[in-house]
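What follows is a single structure, written as structure tokens, with notes after it.
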Amino acid sequence: MGLLTDIFKRNNTANKYNQSFFKWMGGNGSSYDVNATSYIEKGYNINPIVYSVISQMATKTSSVPYSIKKVESKDQKRKADRLVKATGYNLTPQQQVKQVLLETKAYSDDELEMPIAKPNPLQTWAEWLELYKTLIRLTGNAYIYKLSVTEGANVGKILGVYLLPSHLMNIVLKQNADLMSLESPVGGYKLISGETGITFTEDEVTHIKYANPNYDTDGSHLYGLSPLRAILKNIESSNTALDLNIKTMNNGGAFGFVHSKGQTPLTVPQANGIKDRIKESFNDKDKLSQIMGVSAEIGFTRIGMTTDELKLFEYLNFDQKQICNALGWSDKLLNNDAGAKYDNVNQFRKQVVVDNIIPDLNLLTEAFDTDILPNFKGYENTCLKFEYSELPEMQQDLTEMIGWIKPAVETGLINRNEGRRFMKLPVSDNEQMNEITVNTDILTLEQALDDFPSVDGGL
């Protein structure tokens, strides 16, 4: 069953993400972001802002409908892809129609299922997509391990796909690798945990990454740059503000010392005794016990600042905006803006779909189309296609396009089957449905021209 199965057997566990058992094998490791683990530990694990943002975008990613399409024309597919990328999926109704026309020629009407029902025994495809989105946004990298048959008649057949923990991955360079040559310098990958690690060949792993301008001779640019790298201080600031708020609340909101205000000064034992009585009073559920008697006039001098004086919540709001900006998410979607109107919120939802969800899924589709799907028999000329137009956030665009379709059919800009494709409806086998028609009488263009009055007829 391959390397992964051997790992499971040796460790008697299904958790491959946190275990490593193999010795270092060949090559030199390129440097990687030492803060990668901090993105998980200080960000996702304990910071509520980072967790909320990542959780929302991961859930939305897993909800996007998808299908496997047979490619009939690679040229038309390239044109359709270029149109979508050039517009950032902010398509006008006319551009949407053009996109559908291109895709009609690019893809077969038949759709295929995923070649494997589940990516691996541990996850569904929805769970897999959630994890992909979580890892790529947190670390700037996603490593897909393709578990394949290593011997026999089915050698090379993919049995499952796993997302490796990107914050624990190290790129292994080839011996004497030239980072500026046309040949890839990557010799493999290693999952590092403690002093041991699991090694993977270059062919076993598909690496998806964000752009990284940090070029150096160690190959730092071979890793994707995490969006959180630029805002680690904001994350730490947010965590500190939350900790200070907890400490202030646990302290009862006041910190200082008790002293005498009268002529007779309090001794240290007397002052400590009053302090202990105050503490006991607050710990006692009997409210009557909070009334105390003292033999001298006392005062209290506060040391430190309250939560309001520290402006902790102002700092938290500032850090929240910075974190949301870096992660490509709207802070208006965190249920903390009471004045937000529904229409505005819906616009924000559409914006994050276009600017956040779609770009990361585009990276995934390219990886699937080139490195994964062609390895399955019968899927050599197919592609993974996400149907963004079916998302609730994109329904306004669909409504506008539908409003354009009827006059487009009536005026002969498109035929009726093309109109049905725009509506996500099955096309008809009737050949007349593929003919250009004019007017609501549904005449063919030739019929309309035959019936049209001539100039000699008095037009």
(request) Can you work out which of the residues in segment 408-439 that are surrounded by fewer than 19 Cβ atoms within 10 Å (Cβ to Cβ) and among the β-branched types (Val, Ile, Thr) is nearest to the chain's Cα centre (by Cα)? (result) Val427
(request) Could you please find all residues in segment 220-231 being surrounded by fewer than 20 Cβ atoms within 10 Å (Cβ to Cβ) and touching a strand residue (DSSP E or B) at 6+ places or on another chain (Cβ under 7 Å)? (result) none
(request) Among the residues of segment 68-107, write down those that are polar (S, T, N, Q) and surrounded by 18 or more Cβ atoms within 10 Å (Cβ to Cβ). (result) Gln96, Gln99, Thr104
(message) Pull out all pairs, ordered by first then second residue, where Cβ-Cβ is under 9 Å, the residues are six or more apart or on different chains, the first lies in segment 123-134 and is more than 22 Å from Tyr210 (Cα to Cα) and free of Cβ contacts under 8 Å to residues at least 12 places away in the same chain, and the second is surrounded by 21 or more Cβ atoms within 10 Å (Cβ to Cβ) and β-branched (Val, Ile, Thr).
(response) none
(message) For segment 165-220, give me the residue count where each residue is out of contact with any Ser or Thr (no Cβ under 9 Å at 6 or more places or on another chain), within 29 Å of Leu327 (Cα to Cα) and without any contact (Cβ under 8 Å) to a residue 40 or more places away in the chain.
(response) 4
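Any read-out appearing in this document is the output of simple, stated calculations on the displayed coordinates, not a laboratory observation. None of the values given here were measured: they were computed from a predicted structure. Ideal geometry is used to build each Cβ from the backbone, glycine not excepted, and the neighbour counts take in all protein chains shown.
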